[in-house]
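J.: Quick one: the structure is below, questions incoming.
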Amino acid sequence: MKKFGWLSVLLALVLLVSACGGNSNGGASTNAGNSGSKAASEEPYEVVYAFPFWGNIPKDLQLVQDEINKISKAKINVKVKFLPINGSAMDQQINLMMTSGEKLDMFSMFNYSNQVTTGKLYPIGQIMEQNGKGIMDALGQAYYNATKIKGVSYGVPSNRDMAQEFGYDIRKDLVEKYNIDLSQVKKFDDLEKIFRVIKEKEPGIAAMKPSAYSTIDPLDNNLGVLLNNGQSDLKVVNWFATDEYAQYLKTMRKWYLAGYVLKDAATTKESEETLIKAGKIAGHTTNMKPGFEAQENRGIGKEMAVVRYTPAVAKTTTVTNVMLGVSAKAEKPEKVVQFLNLMYTDKDIVNLFDWGIEGKHYVKINGQQNMIKYPDGVNPENVGYSGSGWMHGNQLLSYVFEGDDPEVYKKLADFNKTALKSKALGFSFNAESVKAEVAACTAVLGEYGTPLNTGVLDVDKILPELLKKLEDAGINKIIQEKQKQLDEWAKENNVK
């Protein structure tokens, strides 16, 4: 997945929940799976699963749900009921369901620590060993531990890219036309060598719309961070007051004035992909993962070239930005975790979520077990169901679509294993005692952040103003509280 903030791709993707009619289990059988025969005479427990979508609800969603239920009923005597919610209304709808008593068992979320703080999640760490061992094994100990708040897990991340590396994505035809040497880019500032060529040769196209670049561990909210991606020490600092941040802003300001940056970058609502399609920008900076190139080629409809200039780093926010949790109001949380366990261990269920029904929404290529394509007469516009593997369970068990690297999920697993780990991986900040200050500082950043970060504003004039407003809003109090909590966490977890 690309990012949320971390994630422009999250908003660019269209949600789906898919079904695969394959009958190869491919996933590990689990302790939870043994309960089906014992409960055969009982009425299946229904798990109401809420998740966000953007665009139209897939017309075959019910068919996919029915196929998943054939498997889950037989294995654990559980059935799922999909509850798709428009992404823009997701938080509001979850709040309403929790207060009204409407049945809700499980939901996807992109604001994990807030959902824990507000009491919406059941502490599943208490029942994982008995009901969700397959999830823990699939994630690995380091990434599962990253979900713990005061020693207890309240949710689990979807198993996709758990780390981030950053780079620049550019139209390949421009690279070839002007013999642009991408290998000359070793660090962020080196992008100017490319931008200079685009400006000279294609004056009607901006080199980029800035969208992502980070060398910090944001410790949940950027209001008090660790420098150097959390590799050096555990000293919480004001990122906005650092020389590094000031230099980044000055670089963006220089590029903006030089015409490398889209003039309305601070105000446009169009996505980077849409702007590239329209010929308004040549590329964009973004976070990446194995298989990113093929993903971009499909999403943009043009062949793209990529250069990466940061190492892959795993932080708590890269792990917990796409989470699945059990509702605090769930009647039988252990049954919900058993179903969740299947989403991480059962290959048939994973591919039903991700791709749909074999023969209807996809077919295997020349009898290959893991490579698929659309059936004859089916295409992205008319397919009745397509998937959001980055959201629903264990994407590493997913089939690989035609055009993608056949080894993409093996490479993604290696990417997760070998990524640098922030020293604060697993630390989650509880902002309850400083929530007023967090709200005030967030409002300040909402006013200044985007125009500053895109180079629109004069850094020398506006940055001191931003720093003063952040101090008045209470950022130092937040940093002090965050340092206190981080020190306590480090002591409890023997991190130095």
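The values are calculated or read from the model by the stated rules, or taken from the named source; none is laboratory data. These figures come from a predicted structure and were not determined experimentally. Every residue, glycine among them, receives a Cβ derived from its backbone with ideal geometry; neighbour counts consider all protein chains shown. These area figures cover heavy atoms from the full protein model, side chains too; ligands, DNA and RNA do not enter into them. Shrake-Rupley method; radii C 1.70, N 1.55, O 1.52, S 1.80 Å.
J.: Using DSSP to define loop residues, name the trypsin sites (Lys or Arg not before Pro) in region 152-220 whose beta-carbon has at most 16 other beta-carbon atoms within 10 Å.
T.: Sites meeting the loop and neighbour criteria: Lys186, Lys187.
J.: Could you work out how far the C-alpha centroid of region 324-363 sits from that of region 126-194, in angstrom?
T.: With region 324-363 and region 126-194 each reduced to a Cα centre, they are spaced 22 Å.
J.: If amide hydrogens are placed 1.01 Å from N in the peptide plane, which non-local residues have theirs closer than 5 Å to the one on Met371?
T.: For Met371, whose amide H was placed from the backbone, the distant partners under 5 Å are Ile365, Val400.
J.: Also: Amide H neighbours of Ile216 under 5 Å, counting only residues 5+ apart in sequence or on other chains, H built in-plane at 1.01 Å?
T.: Asn229
J.: Now, a different point. Based on DSSP, what percent of beta bridges with both residues in the chain are antiparallel, to the nearest 5? Could you put the intermediate results ahead of the total?
T.: On the way: 25 of 46 bridges.
About 55 percent, rounded to the nearest 5.
J.: Using per-residue counts of other Cβ atoms within 10 Å, averaged over each peptide, order 388-394, 285-291, 78-84 from highest down.
T.: The peptides rank, most packed first, as 388-394, 285-291, 78-84.
J.: Which order do the peptides 86-94, 257-265 take when ranked by the mean count of other beta-carbon atoms within 10 Å per residue, highest first?
T.: 257-265, 86-94
J.: Here is a further query. Using modelled amide H (1.01 Å from N, peptide plane; none on Pro or chain starts), what sits under 5 Å from the amide H of Val47, excluding residues fewer than 5 places away?
T.: For Val47, whose amide H was placed from the backbone, the distant partners under 5 Å are Lys79, Val80, Lys81.
J.: Here's a follow-up. Can you pull out the GluC sites (Glu not before Pro) in region 42-79 that DSSP calls coil and that have at most 11 other Cβ atoms within 10 Å?
T.: Answer in residue order: Glu42.
J.: If Leu412, Leu182, Leu63 are ordered by their accessible area, calculated over protein heavy atoms with a 1.4 Å probe, which sequence runs from highest to lowest? Numbers along the way, then the final one.
T.: On the way: Leu412 5, Leu182 30, Leu63 75 Å².
From most accessible down to least: Leu63, Leu182, Leu412.
J.: Bin width 5 Å, alpha-carbon pairs only: give the P(r) of region 308-453 as whole percents, running from 0 to the bin holding the largest distance.
T.: The percentages, shortest bin first, are 2, 7, 11, 13, 15, 14, 12, 12, 8, 4, 2, 0.
J.: Take each of the peptides 442-448, 48-54, average the number of other beta-carbon atoms within 10 Å over its residues, and list them starting from the highest.
T.: Numbers: 442-448: 15.4, 48-54: 20.0.
Put in order of decreasing packing, that is 48-54, 442-448.
J.: Follow-up. Whole number please: convex hull volume per residue of the Cα set in the chain, in Å³?
T.: Expressed per residue, the convex hull around the Cα atoms of the chain is 142 Å³.
J.: While we're looking at this one, here's another question. Quickly estimate the mean residue ellipticity at 222 nm for the chain, helices only: each DSSP H run with n ≥ 4 gives -39500 (n - 2.57), and the total goes over all residues, rounded to 500.
T.: -11500 deg cm²/dmol, from helical runs alone.
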